[in-house]
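Encoded as C-alpha cells, the structure appears first; notes follow it.
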C-alpha cells in the first residue's frame, strides 16, 4: 500500500459525458501527478500540482483539467469524453517540490475508465 | 531532455539475478535515475534511485556507470512475483517509456 488513494476504482460512462477522478496523496506529500495509461501504452504524464499550484504540464488535452485543493487532494476532470479516453488513470504523490531532478513518486492503484 | 532506452523484454530464471540495463546518455549532471516497476495493471511501484554512486535497498541494487550514461538494476534473487514491466526514468518532464517486461520463469 503506497498510501495514495484514488476513487473510484472503476468508472463506466458514455461518450460526451464528464467525469471527475479523485486522488488523496500520502500524508505530508505536497506534489500530486496525474498519468494516463492506455491499453498497451506507457504512462503518459498529464499534469503536476505542488501545494495547490500547477507545476508542470505534459500531454494533457484541453478537454481535461485538474486542480489541487487546500487539503492537498486533487481532482482530474475529463469532459466531452471520447472512446479513446478509455484508459487507466493514475495519480502519484511526492514530498519533492517538482523541480525535476529528484522526484520520488508513490502511485495510487488507479481508476479504470471505460467510455462506451 | 534526458531520455532513457531499455530493452523491450527480458527473461530470467527464478532464483537467479536479473540485470536490467538502461541507457540515459543525455542525462545532466544533477539528474537522478529512478527505477519503478508495474505489475500487471497495478500502480507503478518505486524501487530505487541514484545519482552517481551505486545504491542498494531491500528490493534491489542500482549500478550507475562512472560517466552516468547508463545504469543497471539488479534483482539479486528473482522470484515469480518480480515479473513486471520495469521503468527506468529521469524525472525531468516525467517521461515513462515502454519499459522492460521482465518475465521470471520457474
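The values are calculated or read from the model by the stated rules, or taken from the named source; none is laboratory data. It should be emphasised that the depicted structure is a prediction, and the values quoted were computed from it without experimental measurement. So basically every Cβ, Gly included, is an ideal-geometry build from the backbone, and we count neighbours across all protein chains shown.
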Qualifying residues in the stretch A:20-46 (those that are assigned to a loop (DSSP other than H, G, I, E, B) and within 12 Å of another protein chain (Cβ to nearest Cβ)) - the one nearest to residue A:97 (Cα to Cα) | A:26
Of the residues that make up the stretch B:58-77, is at least one within 14 Å of chain A (Cβ to nearest Cβ) and under 30 Å from residue A:60 (Cα atoms)?
-> no
Does any residue of the stretch A:40-53 turn out to be within 24 Å of residue B:87 (Cα to Cα), surrounded by fewer than 14 Cβ atoms within 10 Å (Cβ to Cβ) and at pLDDT below 95?
-> yes
Collect the residues in the stretch B:1-39 that are part of a loop (DSSP other than H, G, I, E, B) and in contact with a strand residue (DSSP E or B) (Cβ under 8 Å, 6 or more places away or on another chain), keeping them in residue-number order.
-> B:4, B:6, B:7, B:8, B:14, B:17, B:24, B:25, B:27, B:32, B:39
May I ask you to verify whether residue A:81 is buried (at least 17 other Cβ atoms within 10 Å of the Cβ) and in a loop (DSSP other than H, G, I, E, B)?
-> yes
Top-ranked residue in the stretch A:102-116 [being in a loop (DSSP other than H, G, I, E, B) and within 13 Å of chain B (Cβ to nearest Cβ); ranked as farthest from the chain's Cα centre (by Cα)] = A:102
